[in-house]
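Chemist: Sharing a structure below in structure tokens format, with a few things to ask.
The values are calculated or read from the model by the stated rules, or taken from the named source; none is laboratory data. Every value quoted in this text rests on a predicted model; they were computed, and no experiment measured them. Neighbour counts run over all protein chains shown; Cβ positions are idealised from the backbone, glycine included. Calculation scope for accessible area: heavy atoms of the full protein, side chains included, ligands and nucleic acids excluded. Shrake-Rupley method; radii C 1.70, N 1.55, O 1.52, S 1.80 Å.
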Amino acid sequence: LDFFHGFHAEETLVENLASMSTSERIKAIQKMPETMKKKREIRNKVLKEITKKSRLRSTQLCSCAQCLQGIAVSFRRFGNSLSEYFHVLQLRYKTLKVIGAEFGTSVLSYFIFLKWLLTFNIFSFLINFSFITIPQFLAAEPNNLSFTGLELLTGAGYFQQTALYYGFYTNATISKIKNGPSYNMQLAYIFTVGLYFVICFLILLFSMAKSFCRNFINPQAYPGNASKLLCTWDFNITNEKAVKLKQKNLSTQIKEDFTEVNREVLNFSATERVVCIAIHFGSWVASLGTALAACAGVYFLSTNNLKLFVKGHRNDLESQAAMLVLPVVTSLLNAFIPFFYSWLGHLERFRSPGQHIYVTIARNIILKISIVGILCYYWLNIVAASESQCWETLVGQDIYRLIVVDFMFCLLGSFFGEFLRRIIGTTVCVSLGLPEFDIGRNVLDLIYAQTLTWISIFFSPLIPGIQIISFSIVFYVKKVSLMMNCQPPRKVWRTAQMTTSFMFLLFFPSFLGVLSVIGVTVWRLKPSEECGPFRGLSSMYAAVSEWIEILENYTASKWVVWIYHNLITSELFFFILSTFTL
């Protein structure tokens, strides 16, 4: 009897929901004190009921109205199914919850940042592949080079005549149908890259502003300790593992908040303060001196490396080895110097773990951005003026090798820096204990890799696809290494502002520095005469100027010409835009 009564009540509920409007029905289902699975079942039954009623009224509807209503219902059901699919397959959602519960928000912020960068590169790859690479395939010539496998490391050889590099793309207007629509590769290349950077600029600004407002300007708008303790439990959670994970997550968050409130203030005597200042000063001198020496080494190695490429090699193996010297040395510097910075940080007595991490990040960003700056100077002033037939492809190959070797060193760093450190700390020297996850070093590795990816977009449009694979593997390797080898931070502390700091470092100096490099490449440098979509032009930007001159002859395109002359080429417009942005 109870079963039939419950069945009748559910039928009545479904009929009532089916008679409501879409917005009312959604709100009513959301307010039900049921699990998400039960709500989805009710929603699907309601949609079936609506479809059944629409069929019964089919004799009263005209064929056009009936078709439109059927399409609307089908699209609604497809959208609901799609949202469920993405909800189930949401990238590493459960992993992030486990990391936050076990290791706190400081370590979690690294994985959130990595996931965010991965999404960024997926967007970049789709843009470049859709508007640059796919049209090029229509005019592509067959690749006559043989594939040996070494190209996966060097990026040269077979890859040189593929869509991976700038030199492969044509400067012709692609048209497969006579007197049909055409596709100007010069304009497509420069506008796609330009539009992508504009979108990235806006996304970074919006994300940074949103995170800054949340964590710095109005942090009280978000739940405090009392509300976390009394009001944040989700009573729809019924699975035992999910309940325990939620409990641990809330416990970690409350501990972090209490640590922030009850932060211990260290009081130093006058002598201790002088000693601390001396240690800080010596550490900064040592870190800046190390960064300067590393930049000098990279510069001299890169110039000698170019001489070897210009002269050529008779032995293919020797040539392949010579190509890897610069990226290997650069990755060695980027891998081992941060360990030296971490050691310096342990010598200094910081008031909180946050100060230690921020100082380490500052030293690492100076090192990595300085090395990238030296490499950019080498590419734009030495490689671009060399005797190479296609200097843009040579730059793309250099960046490809840097990204691949840096990825390999990142994996090796997880093995030697965390796995072997755990073995030593648990067997050889027990007093060391398990290692902690080095947030500063790992975050700067991501920013360094993303900076190289942004620079490469003009010289190698498909590099973001390689970075997608790289970041996906790094995510899982770092997750496994964290769970197996590392211990939670000894001092629990809240790091709500850290994600904002990561985004700011990604924006400046990384993204703005990349914009400067692309700007110099497009406006100042002369393209190669024998390769690429801009061959034969005085500068890459000349393609836009020539297009505007053609549009001046068409009355319907006068508005484009006006925008170009009054906005794009106006210093006043960019000054106002920069002022508004800042």
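Chemist: Enumerate the residues in the range 526-560 having an amide nitrogen under 13 Å from the point lying 7 Å beyond the Cα of Ala172 toward its Cβ.
Modeler: none
Chemist: Please give the length that would be gained between Ser269 and Glu348 if that part of the chain were fully extended, namely 0.36 nm times their separation in residues minus their C-alpha to C-alpha distance (nm, one decimal).
Modeler: Gain on stretching Ser269 to Glu348: 26.9 nm.
Chemist: Which whole-number percent gives the relative contact order of the range 439-582, counting Cα pairs below 8 Å spaced six or more residues apart?
Modeler: 15
Chemist: Here is a further query. Name the shape class, rounded, prolate or oblate, that the alpha-carbon gyration tensor gives for the range 538-581, where a ≥ b ≥ c are the square roots of its eigenvalues, rounded holds for a/c under 1.5, and otherwise prolate holds if a/b is larger than b/c and oblate otherwise.
Modeler: Cα axes put the range 538-581 in the oblate bin.
Chemist: Take the Cβ-Cβ distance between Thr35 and Ile469 as r, set R0 to 41 Å, and report the resulting FRET efficiency rounded to the nearest 0.05.
Modeler: After rounding, the FRET efficiency stands at 0.65.
Chemist: State the percentage of accessible surface on the range 538-581 attributable to carbon and sulfur atoms; use a 1.4 Å probe and exclude ligands, DNA and RNA.
Modeler: The nonpolar share, carbon plus sulfur, comes to 69 percent.
Chemist: Students sometimes get this wrong: rank Lys45, Lys478, Lys38, Lys31 by accessible area, probe 1.4 Å, all chains present, largest first.
Modeler: Putting Lys45, Lys478, Lys38, Lys31 in descending order of accessible area: Lys31, Lys45, Lys38, Lys478.
Chemist: Still on this structure: Ordered by packing density, taken as the mean number of other Cβ atoms within 10 Å over each peptide's residues, highest first, how do 385-397, 291-303, 526-538 rank?
Modeler: 385-397, 526-538, 291-303
Chemist: Give Lys38/Lys97; Lys38/Lys479; Lys27/Lys48 a once-over and call out the pairs whose C-alpha atoms are over 26 Å from each other.
Modeler: Lys38/Lys479
Chemist: How much length, in nm to one decimal, is gained on full extension between Asn381 and Phe573, taken as 0.36 nm per residue of separation minus their Cα-Cα distance?
Modeler: Once the chain is fully extended between Asn381 and Phe573, it gains 66.2 nm.
Chemist: On to the next question. So how far apart, in nm, are the two label points at Leu138 and Thr555 if each is 7 Å from Cα heading toward Cβ?
Modeler: The two pseudo-label positions are separated by 3.1 nm.
Chemist: Could the peptides 109-115, 544-550, 149-155 be put in order, highest first, of the mean number of other beta-carbon atoms found within 10 Å of their residues?
Modeler: Top of the packing list down: 109-115, 149-155, 544-550.
Chemist: Full extension from Ser370 to Lys210: what is 0.36 nm times the residue separation minus their Cα-Cα distance, to one decimal in nm?
Modeler: 54.7 nm
Chemist: Hey, with R₀ at 22 Å, roughly what FRET efficiency would Cys276 and Phe504 work out to, going by the Cβ-Cβ distance, to 0.05?
Modeler: Step by step, r from the Cβ atoms, then E = 0.20.
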